[in-house]
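Engineer: One structure coming up, written as structure tokens, with questions to follow.
Laboratory data are not the source of any read-out in this text; all were calculated from the coordinates shown. All values derive from a computational prediction rather than experimental measurement. As a convention, Cβ positions derive from the backbone with ideal geometry for all residues, glycine included, and neighbour counts pool all protein chains shown.
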Amino acid sequence: MSSGIWKKKIASFVPIKLRKELRSDLKFIENLSNELLFETSIGLFENKWRPKIQEFIDYFLNEWANSQFRYWYRGAIQPGFSHTNIGIEAFNSSIKRKYTDWEKLEFEEFVTVLKDLISDHSEKAIQTPLSSAYSVVEEVWIKAAQMLNDPCKILNERIIYWAKLNGKKKRTNVTNEMIKKYQTVLRARSFNALKSSLSLWKVELGDSILTTKCDCPRYFLIGYCKHILVALIKTRRLSVPRIYSQTQILQKNSRRGRKRKAGAPLSRES
């Protein structure tokens with residue numbers, strides 16, 4: 001959701017002393033991983049905030065909870081797919097630059113341009129087949145290597161839990177009580193209790209990066225995350241490339257120039 005929209009509406013409807021907590025609650029809702037959690041959170045969010053900021057809550061429910069624009073939380077989009085229309089706008093811009101010269105065309109001209117467009121992109125698709133490799137960016141490899149020794153709870157061969165980082169950027173041990181609250185989160189009776197119950201990240205293990213799932217926001221943005229990498233490493237389904245190992249990371253970087261953006265590709269069959 002656009003931060004600009006929130007900024008204007010919160011400034012109009014919400015007292016200054018409430019704004020920080022409200023933004024935190026909205027960010028929490030935005031990062032939810034599925035529709036059931038979203039619907040539950042909306043009801044509890046309304047109960048918490050309506051007595052304090054009724055006008056904003058009316059606006060929020062009408063525009064962002066009970067309308068066609070309600071699919072702004074992370075779990076509403078398939079993992080790895082864009083959460084914005086930037087890609088579409090860029091493609092539209094390329095059409096205008098290359099094929100229409102930014103002019104509106106008559107129907108016959110449009111058909112001719114459409115034929116050229118389809119032909120060009122069909123040839124490009126043939127020349128550039130789908131990649132058979134899956135690249136993981138350097139940043140995520142490094143973060144995964146750094147959290148290899150963080151406490152976690154391996155519930156069984158398919159489920160691993162991590163506690164979310166606290167205010168001091170530390171990760172605590174995962175307790176059975178935390179897991180119980182996580183598993184019964186839909187029974188929460190207040191919005192703050194809901195937030196407290198979702199204090200964990202849950203990884204559902206598959207045989208590879210492509211078949212493993214996590215409920216953290218990064219997973220829904222790019223299709224994988226550091227939790228997935230570490231879970232696969234811990235269960236011996238994956239290993240950290242040596243250049244991203246903790247030993248290498250702690251050594252001083254003597255190489256000049258910009259760092260590489262992506263690591264070595266991983267086979268889809270691996």
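Engineer: If I take R0 = 35 Å and measure r between the Cβ atoms of residue 107 and residue 17 in this structure, what FRET efficiency does the formula 1/(1 + (r/R0)^6) give, to the nearest 0.05?
Structural biologist: Working: r = 59 Å, r/R0 = 1.68.
Approximately 0.05, to the nearest 0.05.
Engineer: Let me ask something else. Run the quick spin-label model on residue 58 and residue 7: label points 7 Å from Cα toward the beta carbon, then report their separation in nm to one decimal.
Structural biologist: 2.7
Engineer: Here is a further query. Please list 5-16, 190-201, 150-161 highest first by mean number of surrounding beta-carbon atoms within 10 Å per residue.
Structural biologist: Numbers: 5-16: 13.5, 190-201: 18.3, 150-161: 15.4.
Taking the mean over residues of other Cβ atoms within 10 Å, the ranking is 190-201, 150-161, 5-16.
Engineer: Binning at 10 angstrom from zero up to the longest distance, how are the C-alpha pair distances of region 136-253 distributed in percent?
Structural biologist: Here the calculated profile for region 136-253 is 13, 43, 33, 10, 2, 0.
Engineer: Length gain on complete extension for the stretch residue 207 to residue 222, per 0.36 nm per residue less the alpha carbon to alpha carbon distance? Kindly include the intermediate steps, with their values, before the conclusion.
Structural biologist: On the way: separation 15, 0.36 × 15 = 5.40 nm, distance 1.85 nm.
In short, 3.6 nm is gained.
Engineer: Using only the Cα atoms of region 9-105, what do you get for the radius of gyration and for Dmax, in Å?
Structural biologist: Using the Cα atoms of region 9-105, the pair Rg, Dmax is 18.2, 55 Å.
Engineer: Hey, can you grab everything whose amide H is under 5 Å from the amide H of residue 206? Only 5+ residues off in sequence or another chain; H modelled, so Pro and N-termini drop out.
Structural biologist: 212, 213
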